[in-house]
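What follows is calculated from the coordinates using simple rules that are stated; it is not laboratory data. From a predicted model like this one, the values you see are computed outputs, not experimental measurements. Note that each Cβ is placed from the backbone with ideal geometry, even for glycine, and that neighbours are counted across all protein chains shown.
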Amino acid sequence: MTAYAPVFEPAASFIPPRDHLPNHPPQNLTVATTGASGAIFLRQFLQAVERDRRVQAVNFIASDSALRVMAEELGLRGRADVVSRILGTSKSRPSRKIQMQSNDDIGANVASGSYPADAMVVIPCSVGTLARIAHGDASHLIERAADVTLKEKRPLVLCVRETPLNKIHIRNMFRAADAGASIFPLIPAFYYRPASLDDMAREFAYRVLAHLGLPQPHAFRWKA
Ligand SMILES: Cc1cc2nc3c(=O)[nH]c(=O)nc-3n(C[C@H](O)[C@H](O)[C@H](O)COP(=O)(O)O)c2cc1C
């Protein structure tokens, strides 16, 4: 007889109601980035929302570890003009729609359910941030905004990146999904034969946007 006791109650088939969202397709996005590998996916995602005229406002939050990973993977150092540098635009022409928020500012707009954010994406999402979201630890703005997104039953997409996964990671993905999040692992597709890493990351970003109701005109579509 095994001594194993299930950790969870049977999964509730929980589908967040979306008909009461402020805007669908979403116009106001919260985009967070954390210290997992995959900064090029963030870059392609932010470039896509910057281009997309349906998206009018983006609140962008980076954890300290995200900046550390961006230094390694994109060669970007420090917080100054980080949005322009991620986008690859001139700092004299900063983005008008992407506003950076401090991860220490738990009084920022997206920390409140009264602020009309339509959806939130964490790209890439570390397993540390996943764990804090899954356990309702809202001590920094990223986790607080995610907590608010879930309690308001708005779409929350977690682009989790780690390999291999241990049972803690898998349980935390279950917990977050059970609370209404979409677990959208940073796993790109190859069947459209990406010509470059940017190409691969762009198509992944397009899949996340399509999932949120923002299909992109140049996205690959399977026609078999
Ligand atoms: C270059 C680099 C790559 C990393 N890659 C990952 C990763 O793919 N997934 C992950 O969960 N953590 C990764 N980490 C570790 C996280 O950055 C670390 O656990 C950090 O505390 C996460 O903090 P955050 O969740 O507040 O961003 C990486 C760290 C570095 C420096």
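If the condition is being in contact with a strand residue (DSSP E or B) (Cβ under 8 Å, 6 or more places away or on another chain) and not polar (S, T, N, Q), then the stretch 170-188 contributes 173, 176, 177, 180, 181, 183, 184, 185, 186. Looking across the stretch 40-72, the residues that are crowded, with 21+ Cβ neighbours inside 10 Å and near the ligand (Cβ under 9 Å from one of its atoms) come down to 62, 63, 66, 69.
Identification of helices (runs of 4 or more DSSP H) wholly contained in the stretch 81-188 with 3 or more residues that are within 13 Å of the ligand (Cβ to nearest atom) yields 127-134, 141-151, 167-178. Filtering the stretch 189-206 for residues that are touching a residue at least 40 places away in the same chain (Cβ under 8 Å) and touching a strand residue (DSSP E or B) at 6+ places or on another chain (Cβ under 6 Å) leaves an empty set.
Apart from one condition, residue 66 fits all of (1) out of contact with any strand residue (DSSP E or B) (no Cβ under 9 Å at 6 or more places or on another chain); (2) more than 20 Å from residue 155 (Cα to Cα); the exception is (1).
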